[in-house]
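Below is one structure, written out as structure tokens, with a few remarks after it.
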Amino acid sequence: MSVQVVLPGVLADLAGGSKHLDVEPAGTTLADLLDELAARHPLLGRRIRDETGQVRRFVNVYVDGDDVRFTQGLATEVRDGAEVQVLPSVAGG
């Protein structure tokens with residue numbers, strides 16, 4: 001199974017500069033995908049999830065356009081060929 005992870009520039013720097021990553025998770029959930037992503041890019045993994053393994057409060061994750069906060073969170077199913085976008089919130093004034 002292969003999933004494409006799309007990152008903005010600020011996070012792509014933590015993944016060797018790649019904005020599009022093809023990831024082959026061991027399982028079928030978002031948690032499995034993020035585990036594999038963190039194994040390949042530890043700094044990126046720490047930027048996406050906190051010490052408890054939850055997605056950080058100011059990071060938005062979308063699976064095929066659906067915000068996982070409003071679906072099943074880390075248990076969201078990630079199908080073969082899915083697109084997962086990871087976007088940190090932007091704040092300031």
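Read-outs: derived from the displayed coordinates by stated rules, not from any lab. Keep in mind the model is a prediction, meaning the values are calculated, not measured.
Structure summary
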item	result
From phi via Karplus (6.51, -1.76, 1.60), per-residue ³J(HN,Hα) for segment 35-52 in Hz, x at Gly/Pro	4, 5, 4, 5, 5, 7, 9, x, 5, 5, x, 6, 6, 8, 10, 8, 5, 8
Gyration tensor verdict on segment 1-56 (Cα atoms; rounded if a/c is under 1.5, prolate if a/b is larger than b/c, oblate otherwise)	oblate
Gained length - THR71 relative to ASP50, 0.36 nm times residue gap less alpha-carbon distance	5.6 nm
